[in-house]
1. For helix 147-160, what angle does its Cα long axis make with the longest principal axis of the chain, in degrees from 0 to 90 and rounded to 10?
2. What number, in nm² with one decimal, is the all-direction average of the projected area of the convex hull of the alpha-carbon atoms of segment 3-120?
3. What distance in nm separates the simple spin-label points at Thr160 and Phe67, each placed 7 Å from Cα in the Cβ direction?
4. Could you please report the charge total around Val198, scoring K, R as +1 and D, E as -1 over all other residues with beta-carbon less than 12 angstrom from its beta-carbon?
5. Need the list of aspartates and glutamates near Lys85 for cross-linking: C-alpha distance under 13 angstrom, and skip anything on the same chain fewer than eight residues off.
6. Please give the calculated 222 nm ellipticity per residue for the chain, where each DSSP H segment of at least 4 residues contributes -39500 (n - 2.57) and the sum is spread over every residue; nearest 500 deg cm²/dmol?
7. Any chance you could give the angle, 0 to 90 degrees and rounded to 10, that helix 10-21 forms with the longest Cα principal axis of the chain?
8. Once phi is turned into θ = phi - 60°, what whole-Hz ³J(HN,Hα) does the Karplus curve with 6.51, -1.76 and 1.60 give for every residue of segment 74-90, x standing for Gly and Pro?
Amino acid sequence: MKMKAVFPSFAFLKPYIDSSEEIDELMYLIPEEHGIRITHIDKPRVVVINHFISDKDLKSYEVDKEFLNLDEEDRIVPLVIKDLKKALKTAKSASEVTIGLRDDDRAVVEVIEPYHSKSLMNIGAGTDWVPIRIPPLEYPSTIKAYGAFLRDMIRVAKETTAEFKFVVTEEGVKFIFEGLNIEQEITVPYESQNLISVEAEVGSRGLYGVGYVSTIMKSISAGDVLLIEFGENMPLHVRKTVGTDSWLEWYIAHRVEDKE
């Protein structure tokens with residue numbers, strides 16, 4: 001077998017599936033020496049996901065050395081998400097899940113329960129899609145916050161407008177929502193229980209589309225600790241740490257602010 005990863009639970013795997021589903025019908029896995037990378041960009045080229053599942057957080061992880069020596073594009077394992085979800089339909093939160101890639105390039109998904117197991121073969125492999133690599137970016141504004149911080153603001157934004165603005169003020173982090181005949185501002189004070197830390201100069205700002213930011217919220221819960229980075233004319237970067245050394249990471253293209 002070229003690759004075999006045993007996930008400690010379905011609950012651990014689910015956010016990765018949910019995030020990929022918001023982007024495309026396929027979930028692209030790229031086996032690496034110390035874990036599995038998941039990367040993709042949506043068709044409008046606005047949202048990029050760059051996730052990683054560390055072998056430290058897997059129950060077990062095996063990957064063939066010759067397979068690892070192949071170029072990245074030759075190591076891509078594209079899983080059809082609807083088939084993957086069908087295979088996992090009976091999985092409970094605590095169910096152990098195995099995803100493997102056989103020597104004939106057929107994917108194997110297995111759900112292990114206390115009294116039974118089931119497998120689904122023939123889930124994709126072989127693609128001309130090229131992996132996405134995000135160059136290092138230096139952001140002027142960094143927020144560490146709980147998922148509720150972003151979730152609550154996106155909920156308000158979806159009711160009022162198609163875009164929202166981050167602005168760092170002396171009082172806290174201000175969200176500005178502007179729509180047709182609608183303008184609303186909400187400031188989250190620095191002492192808010194949903195804010196952990198803010199490293200940014202007063203006046204720092206960033207403008208982003210509500211619809212695209214909302215696509216990542218399915219994979220974020222209120223208690224998750226998030227790293228949020230933004231800047232004027234820079235993509236929004238959101239990162240959620242999972243387990244010991246794994247993460248889910250999104251880059252969302254900025255919108256250009258009208259200066260007039």
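Each value in this text was obtained by applying a stated rule to the coordinates, not by laboratory testing. Small disclaimer: the values here were computed from a predicted structure and weren't measured. In this analysis, Cβ positions are derived from the backbone assuming ideal geometry, glycine residues included, and neighbour counts consider all displayed protein chains.
1. 60 degrees
2. 7.2 nm²
3. Taking the simple label geometry, Thr160 and Phe67 are separated by 5.0 nm.
4. Residues near Val198 contribute -4 overall.
5. Output for Lys85: Asp18, Glu21, Glu25, Glu110.
6. -4500 deg cm²/dmol
7. The answer is roughly 70 degrees.
8. Ordered by residue, 3J(HN,Hα) equals 8, 10, 6, 10, x, 9, 6, 4, 5, 6, 4, 5, 5, 5, 9, 4, 8 Hz.
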